[in-house]
Structure formats: structure tokens, C-alpha cells
Amino acid sequence: SEIQKLCDRVAIIKEGKIIKIDTIENISSGNYKKVRLEVKDDVKLSNFKNKSITNLKMNGKIFTFLYSGDLDKLISMLSEINLSKITIEDPTLEEIFIHYYDKVN
């Protein structure tokens, strides 16, 4: 949050190499959404095999991930799961950084 308040541009560096330089606004508006699901029934991680889903984590019946893509497709996919709660919000700059860091080889 400090970077978002103080800086206009950001560089993401991995293993000594710059992998992305852009404005904070452009990086933050990269069409990513942070999704948190609470499910009623058991759901396998394989239900979330989708190239638009990254940083998938499961803790019991709670799933969190970053989604990049058409929200209508996400809603369609989630309609097949028995949900008790869903939250979709913009990710923090740190979460976006982790996405880029994990994504680039």
C-alpha cells in the first residue's frame, strides 16, 4: 500500500532481471480479480484448472485465486459449484506482484 501511495511507476524484478515496468495504474487495472469462495460441498482443485486462474490456494472449504478474463465465464464456471459465499474484488499491488513473480520463468 505504501508503494501505491508514493509511486507512479513500478518495476518487478526477479533474479536480478526486470520482468515488468509499468505505471501502477496499468498494472493494477490488468483485468485481475481476487476471488474468495466458501463452498458447501467437497470440491477438487481440478475443478479450477483454467488458464485464467492463478495463485490458487485451498484451505478446507475456502478457495482463493486471481482471475484474469471474462467475468461472465467465471460466473458460469462457479454456477456448477455449491457455494455458501463468494467475494470478488480488486487485488492489492502485492498480490499482483506475486502473480507476475510466479508466472514468469
- prompt: Measuring from the lowest to the highest alpha carbon on each principal axis, how far does the chain reach, largest first, in angstroms?
  reply: 42, 26, 23
query: What number, rounded to the nearest 500 deg cm²/dmol, is the helix-based mean residue ellipticity at 222 nm of the chain, given -39500 (n - 2.57) per DSSP H run of at least four residues and division by all its residues?
result: -7000 deg cm²/dmol
task: Give the angle, between 0 and 90 degrees and rounded to the nearest 10, that separates the Cα long axis of helix 93-103 from the longest principal axis of the Cα atoms of the chain.
output: 80 degrees
- line: Magnitude of the Cβ-charge dipole (Lys and Arg +1, Asp and Glu -1) of the chain about the Cα centre, nearest 20 debye, reported as 300 debye
- prompt: Where a Cα-Cα gap under 25 Å defines reach, which lysines qualify for Lys61, not counting those fewer than 8 residues away within the same chain?
  reply: Lys33, Lys34, Lys40, Lys44, Lys49, Lys51, Lys73, Lys85
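No lab work stands behind these numbers, since they all come straight from the coordinates. What you see is a predicted model; the values in this text were computed from it and never measured. Glycine also receives a Cβ, built like all others from the backbone with ideal geometry; neighbour counts cover every protein chain displayed.
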